[in-house]
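Everything on this sheet refers to the single structure shown next.
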Amino acid sequence: MKGQMMNDNVLLKVEHVTKTYGQGDRKFMAVKDINLTIREGEYVALLGPSGSGKSTLLRMINGLISPTEGTVYYRGKPVQGINPNSTMVFQSFALFPWLSVLDNVALALEARGDMSPERFARAERLIDLVGLDGFENAFPRELSGGMRQKVGFARALAVEPELLCLDEPFSALDVLSAESLRGELMELWTGGSLPTKAILMVSHNIEEAVSMADRVLVLGKDPGHIVAEIVIDLPHPRNRKDGSFEALMDRIYSTIAGYTEPEASEVGTAPGTPGRTRVLPRSSVGAMAGLLEHISHFKSPYDIYKLEDELGVETADLVQTIEMAEILGFATVKSGDIQITPLGMAFAEASILTRKELFAQRARRLPMIQWMIQMLKASPNEQLPWKVFYTALQPEFPDETIERQLDVAIDWGRYGELLDYDDGDELVSLDASNRKEAAVSAS
Ligand code: ADP
Ligand code: MG
């Protein structure tokens, strides 16, 4: 929190905002009924998987696109057209390659009508501010990614925005540049040398959000909506090794994981039977094996949030992979920690063949895969068109989920040598080894 400004200085208010892209049957709802408020002095992070509408939300806040329903208010007035009080910094900034650093920044001043001779001096001050002193005459191609991003920041700051919106500003940078740029931004922000009154930052990295923001809004997808709000009440500079820092990371992690699958320990019921059919997590055997191998080297339980960086994966994907390990019985999860089971340990250490067997034993117990095997066993030649499964699942899931569900089931089934699929004729069949077994047990 930036000093004294805790009173009711509301800068931004997003009220019941929904955005639908496209028209007719191409309509797609990107975000639904979003409500949020940002006050002066706040640093707020939006954290969510890709596709949860984070960029869409920023574009509406900046007036680059308008909401389909609801209203964005800036200082109490509805935003119509470009919001002159806010700017965006994108993942990678498009600098003009033929202009020097100085001219690139001065251009932002010119764009808002400042043609005064002093504009170059102002541009220089901004270049100093972001730590590029001495590089005024360099050209973008002579700069590292981190330095180019700094020029982007300088350009955004040139318009002296009250609200600075950052759309994953560090995610295109290597780990070290990202870290140092984060540090510099925090220094500018907490030191009060920015004209900016509030910052709204999109991130998909929990640690980044917890280390920088005062408040984290967690978004879910399909369509994008706010799942939870978590206040980060820690002083700056923050220390990742602090117990309170780790506890907050764990809390956000369990919020995300808990939202993704409320009944994480249940396998659900087969399609077409009473009860809820469990959606198979969208992950692969390779990803799960990587996860299990990794955590098998450490003491269990293990902090989940560490895995994101250690495995180099996005939160959303990690959540799916962990869930896969969980429903197969290779790991258990409790309040932000993962514990590998003895079976998971065996899998991590096993040869390729044993892995396949362990996997198949567990996968064939999943209602979705069990149901597919039974359908196939009951069919002539033990094969069925993909479309048959698709149609059968329509009462259970939305269309786009079905395709992904079948892809996952076939992918896992193939690995466990339970199912097979022919792309050409779009036929799902029992795997040859699974058939033999069926023949033996029938005789
Ligand atoms: P995020 O930034 O969280 O990854 P986006 O706001 O970019 O999410 O996108 C949210 C959803 O809206 C995605 O499914 C994306 O494909 C869709 N989307 C984004 N922009 C457009 C557009 N201009 N037209 C149609 N769909 C879009
Ligand atoms: Mg985005």
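FYI, it's all coordinate maths here, none of it is from the lab. Just so you know, these numbers come straight off a predicted model, no measurement behind them. Positions of Cβ are generated from backbone atoms using ideal geometry, with glycine treated the same way; all protein chains shown enter the neighbour counts.
Relative contact order for segment 281-359: 35 percent, from Cα pairs under 8 Å spaced at least 6 residues apart, divided by residue count. Once you've got the GNM for the chain with C-alpha springs shorter than 10 Å, pick whichever of Gln320, Gln383, Gln394 has the biggest mean-square fluctuation. Maximum among the listed residues: Gln394.
Summarising the strand pairing of the chain, around 65 percent of its internal DSSP beta bridges are antiparallel. What the Cα convex hull of segment 13-106 gives, in volume per residue, is 150 Å³. The distance separating the Cα centre of segment 268-329 from that of segment 162-212 comes to 30 Å.
The alpha carbon radius of gyration of the chain, expressed as a multiple of 2.2 N^0.38 Å, is 1.16. Expressed per residue, the C-alpha convex hull volume of segment 281-359 stands at 80 Å³. Taking label positions 7 Å along the Cα-Cβ direction at both Leu343 and Tyr390, the computed distance is 3.3 nm, reported to one decimal.
Taking Cα centre as origin and charging only the Cβ of basic (Lys, Arg, +1) and acidic (Asp, Glu, -1) residues, the dipole magnitude of the chain rounds to 620 debye. With semi-axes defined as the square roots of five times the eigenvalues of the C-alpha gyration tensor, the equivalent ellipsoid of segment 285-443 measures 31, 19, 12 Å, largest first. Mind checking segment 322-401 for trypsin sites (Lys or Arg not before Pro) that DSSP puts in a loop (not H, G, I, E or B) and that have at most 14 other Cβ atoms within 10 Å? Those satisfying the criteria are Arg365.
A P(r) calculated from all alpha carbon pairs of segment 366-442, with 10 Å bins opening at zero, reads 19, 57, 21, 3 percent. The angle between the Cα long axis of helix 243-260 and the main principal axis of the chain comes to about 50°, on a 0 to 90 degree scale.
Rounded to the nearest 0.05, the FRET efficiency derived from the C-beta distance between Ser66 and Val231 at R0 = 30 Å is 0.50. Counting only DSSP H runs of at least 4 residues, each contributing -39500 (n - 2.57), and dividing by the residue count of the chain, the helix-based mean residue ellipticity at 222 nm comes to -13000 deg cm²/dmol. Mind giving me the FRET efficiency for Glu310 and Asp174? R0 is 22 Å, r the Cβ-Cβ distance, nearest 0.05 is fine. Here the calculated transfer efficiency is 0.85.
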